[in-house]
Structures are given as structure tokens and as C-alpha cells.
Amino acid sequence: MAASFMLRSSFLSPPSPQLHHQSPPKSNPTIHFINPIKATASTNDAIIPPQKHRRPADENIREEAARRPTSSHNFSARYVPFNADPSSDEWYSLDEIIYRSRSGGLLDVQHDMDALKKFDGQYWRSLFDSRVGKTTWPYGSGVWSKKEWVLPEIDSDDIVSAFEGNSNLFWAERFGKQFLGMSDLWVKHCGISHTGSFKDLGMTVLVSQVNRLRKMHKPVVGVGCASTGDTSAALSAYCASAGIPSIVFLPANKISMAQLVQPIANGAFVLSIDTDFDGCMQLIREVTAELPIYLANSLNSLRLEGQKTAAIEILQQFDWQVPDWVIVPGGNLGNIYAFYKGFMMCKELGLVDRIPRLVCAQAANANPLYLHYKSGWKDFQPVKANTTFASAIQIGDPVSIDRAVFALKNCDGIVEEATEEELMDAMAKADSTGMFICPHTGVALTALFKLRNSGVIGPNDKTVVVSTAHGLKFTQSKIDYHSKEIKDMECRFANPPVEVKADFGSVMDVLKKYLLSKNAKH
């Protein structure tokens, strides 16, 4: 039976972060049932078609959702120290403004898995599938269609969403066959999203929680981030939608104009700072420690709750069949952990029986995780990130290094790297088959080439490459490549325009030469 849930929480936290040393009290949020699903331990319950309802003309989808009948439930989530000892009793409410544990380590969002396990895997599969493609608030979003696994206690009226997610998972048929000899290669195009990158998935969660905190009169005057482009675009868009001030720290002259214009157009307060991303990150952390500005970088574990839904979507789009490999570009390294977390939740809650092996792909000019992996996970050392066309992952001291290592170790994962020439050639090859990808996806495809050539990935392995941003954000790099204007780069797959005189004979000569060359290849 198709169903929709809406949870409301009456739980309010103290005005400042408080360390707790006992189990959290059970909140009593309510759920709005649109079309109830019978929840039992069995996976064979019949699915009853949902009733049809027409919303009154003077009622919007938020109002429609709010009047649904309610039933009590007990799903909840909280902050805990990342990878803490099972005996640890340190935890914090999600309504507290806190980014680090008592020891200074990362935090993680921990869900009440016992409450979620009261519903079997078939129940969750049917529930999530029933919400795809609908406009019911807030489940038209690929993120909020998994609301119970994301922010279960937030009032749906506090959610800020552009119905992000539900991004295309397409079969890269020609690319896989022509360049890799693969028959089951897929690209998860997370760049087909509201602001053109996967960052929307996490930002809808973070800004929704900030919206909730402000309604609770918590001391939050705005939201800030350091960014190499895509984070600032997502933050500014969602804050603009909610009417919340956004502050953006950008490294001067290190991001594309297409990326820079997004936060400006969305009304963000943009600071262009003479440093790199790591320098901007250090500054924003210092500023948010002194001013009531909420930190939006992936140090904040709320964002990962949204990003993990891309992994759940992949399984859903494969009718809950598990791929063999998932390859993710890595910079600040939160996303590789988010994918791991999404896959593991599906396994733990019985939706699937295994998880894929993950590959994290880094640019060779910013490759601290790769060097750490090649050293056998010896002591991690940050690097000075050099300029790379994959600008969003030009990060030498990633915040989520511990999260990434944990994920890769627990899924027998691999780390690969791509030189500038390799990633640009891979991007050009992909574009020649109709993709038009970003340079970061070029990094991931380079990792695929290397693992395929070494035999690690087989010709029939079901493989997903995660494309993190839309190629339209990186047109200048494509222009430079196809114009062969990149210093010390051969640009072997460049396809520059041919200059020809404006007369019939000249045009015919050029076309005949071109068509003969194409015919010779076939």
C-alpha cells in the first residue's frame, strides 16, 4: 500500500549545547498518513492502491499535508561522536548548534535503528517507491521522500526544498562499449539538480534544520560556508528560498564564473578572499565560533544525511539490485562516507543484502587520501593542493578524512587518482558520447579506466560513476581543451571548429574530407 509520512516533533533542546550522559528521551512526533501501509514482520503484505484525492483550489501542498490525519510514532535521530566506542554515552540533540564532539572530533547523525527496524525491508522499499514522482509535500524531493531516515523529527512545514534529488541514472551504453568494453556502465548524474550539483542534497537538510532553529528562536542570524563553488551555489539558493541570510567565503580567482554568479544572483554576501579553499575553511570556522552564523560546510554532519539519499536512489533505480562498484570523486571527502552510510542503512534495515565496493577518485594535484591509501593507511598527512581543473575537489586538508577512511576500509574500497591530462581526456571522451560532464566526473572516469585496464573491474560488472556537477558550470575548461590552449597538454581528443571560406566549393571540400574520414573508421 502506498504511503506518505509526515513527522512533527515537540522536542525542544536547551538554548546552548549540553552534554548528555543518559539515553535520550523518546519524543512523540506525529505522522500524517496519506495512504497507510500495513507494517508487519512479513514481506508479503498486499499493496492496496492509494485513494485519489483532489486538493481544493485554494489550498497549497503544505496546507494539504498539514490537515492529514495523524498517528504517533517514535523515529528519532541525534548527534554522536563519529565512530565512537559503543560504551560512549556522549550525544547531542539535533536542535543544538554544535559541530564537534567533546574531544574535538567529528560528529555523526545516529538514527534510532531499533525503531526503524520495526518495519521490514519490503515496507521501506514500498514506501520509498510510492513517493517517487509525486508532488505531495515534502515527498516530491528525492531527499525528503526518505524523510524518516534523514530528519525524522522536523516539522514538514519547516522544510526548505526545491524537490531536489531524483536525479538521472543513465546507461552509458556507447561510452562503456567503445572505450571500456563494458556492458553495464551507469552514470548517476547528480548535477541534474536545482543548482547544478549534488550539494543540493545536503543543503536542503541543513537549511531546513536552520529554518527550524530560527523558528525556535535559537541564536542563528545567518548561514555561512567556505566554498570552491558548488557549496556556495546550493547554500545561497536554499537560504534565499527560506529568507535566511547567507555568507560565502570564496578563494579569489579559483572558481569558474558560472559558479561565482550563482551565490551573487541568489543574494548571498560574498567575500572573495586571497587564499585557497583550505584558507577559506579555516577562516569560516574561526568566524562561526565568534558570530551567530551557522556553519554549512561538510564538517556539519547534517549535510551528509541528505547526500546519502543518492545511494538509496541508486538502489531504488536498479529495482533494489546492488551494483558491484560505485565510483565517487573526492575532495573534502564527506560524500564518499555519505554514500557508504546510505548503502549501509539499506543493508541494516533489510532493503538489500550487501553493499557495493566504493572507489574514491582524487585529482593528482590534490590527493591526500590517495597518498594515505598507497601508504597502507599509515599516518595521514595533508598536502598543499595545486591547481586542478577539478576545482571543487582542490582540497589538501579534507575535513572528512576520518569518515572516508572508515567507509573505504569497511567496504574493501579503493582510492585512485587522475592527472590533469587524464581527467581532461576522460571528460572529452565522455562528452564525445553525449554526456557533457564536469571535470570531477572526468576524475572518476579516469579511476574507472585504470581499474578496468588492471582487471580489477570486470567487463560485466555493474558499475556506477557518480557525476557530481553539471558540465555547463565548466565551459571555459572545455573551450580551452578543444581550442588546444592548455599549456603542456596534448588535448588528444580536441574537436575545434574548422574555419572555411563562405563559398559552396570550399564548404563541399571540407565536408567531403570529413565524411570520408568518418567512413574510413567504419
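The values are calculated or read from the model by the stated rules, or taken from the named source; none is laboratory data. These numbers come from a predicted model, not from an experiment. Neighbour counts are summed over all protein chains in view; Cβ atoms, including those assigned to glycine, are modelled from backbone coordinates with ideal geometry. Ligands, DNA and RNA are excluded from the accessible area calculation, which covers all protein heavy atoms including side chains. Shrake-Rupley method; radii C 1.70, N 1.55, O 1.52, S 1.80 Å.
Look at the dipole of the chain built from charges on Cβ: of Leu169, Ile327, Pro86, the Cα furthest out on the positive end belongs to Leu169.
Dipole magnitude of segment 154-224 about its Cα centre, charges +1 at Lys/Arg Cβ and -1 at Asp/Glu Cβ only, in debye to the nearest 20?
The calculation lands at about 200 debye.
For Trp91, the residues 5 or more places off, or on other chains, whose built amide H falls under 5 Å of its own are His20.
Annotation for segment 278-370: trypsin sites (Lys or Arg not before Pro) lying in DSSP loop with at most 16 further Cβ atoms inside 10 Å of their Cβ are Arg354. Translational diffusion of segment 177-321 was estimated from the Stokes-Einstein equation, with Rh taken as the Kirkwood radius over Cα pairs; at 37 °C and 0.692 mPa s the coefficient is 203 µm²/s.
For Lys215 and Ala289, the difference between the fully extended length at 0.36 nm per residue and the C-alpha to C-alpha distance is 24.5 nm.
Exactly which GluC sites (Glu not before Pro) in segment 292-360 are in a DSSP loop and have at most 11 other Cβ atoms within 10 Å?
Nothing satisfies the criteria.
Between the residues Met216, Leu291, Phe277, the greatest Cα displacement towards the positive end of the dipole of segment 208-299, with unit charges on the Cβ of Lys, Arg, Asp and Glu, is found for Met216. Using the structure shown, select from Lys146/Lys409; Lys347/Lys450; Lys134/Lys347; Lys341/Lys384; Lys347/Lys429 the pairs with a Cα to Cα distance greater than 32 angstrom. Result: Lys347/Lys429 exceed 32 Å. Over every Cα atom in the chain, the radius of gyration and the widest Cα-Cα span, Dmax, amount to 23.8, 85 Å.
Of the solvent-accessible surface of segment 414-492, computed with a 1.4 Å probe over protein heavy atoms with every protein chain present, carbon and sulfur atoms account for 47 percent. Taking the Cα centre of the chain as origin and assigning +1 to Lys and Arg Cβ atoms and -1 to Asp and Glu Cβ atoms, the resulting dipole is close to 960 debye. Each of Phe449, Ser506, Met489 was scored by the projection of its Cα onto the charge dipole of segment 434-515, and the greatest displacement toward the positive side belongs to Phe449; charges sit on the C-beta of Lys, Arg, Asp and Glu. Fully extending the segment from Val500 to Thr475 would add 6.6 nm, taking 0.36 nm per residue of separation and subtracting the current Cα-Cα distance.
Sort the following peptides by mean Cβ neighbour count (other Cβ atoms within 10 Å, averaged over residues), highest first: 320-329, 169-178.
On the way: 320-329: 22.3, 169-178: 17.2.
In decreasing order of mean packing, 320-329, 169-178 become 320-329, 169-178.
Is the shape of segment 338-458 rounded, prolate or oblate, going by the alpha carbon gyration tensor and its root eigenvalues a ≥ b ≥ c, with a/c under 1.5 for rounded and a/b larger than b/c for prolate? Here segment 338-458 falls in the oblate category.
Dipole of segment 121-241, Cα-centred, from +1 at each Lys and Arg C-beta and -1 at each Asp and Glu C-beta, to the nearest 20 debye?
That gives segment 121-241 a dipole magnitude of about 20 debye.
Highest mean first, how do 453-462, 274-283 rank when packing is the count of other Cβ atoms within 10 Å averaged over residues?
Output ranking for 453-462, 274-283: 274-283, 453-462.
Rolling a 1.4 Å probe over the protein heavy atoms gives the chain an accessible area of 42 Å² per residue. Take the Cα of Lys512, go 7 Å toward its beta carbon, and the backbone nitrogen atoms of segment 477-505 under 20 Å from that spot belong to 498-505. Peptide packing for 123-131, 443-451 was compared via the average number of neighbouring C-beta atoms within 10 Å per residue; ordered from the highest value, the list is 443-451, 123-131. Per-residue ellipticity at 222 nm, computed for the chain from helices alone with -39500 (n - 2.57) per DSSP H run of at least four residues, works out to -10000 deg cm²/dmol.
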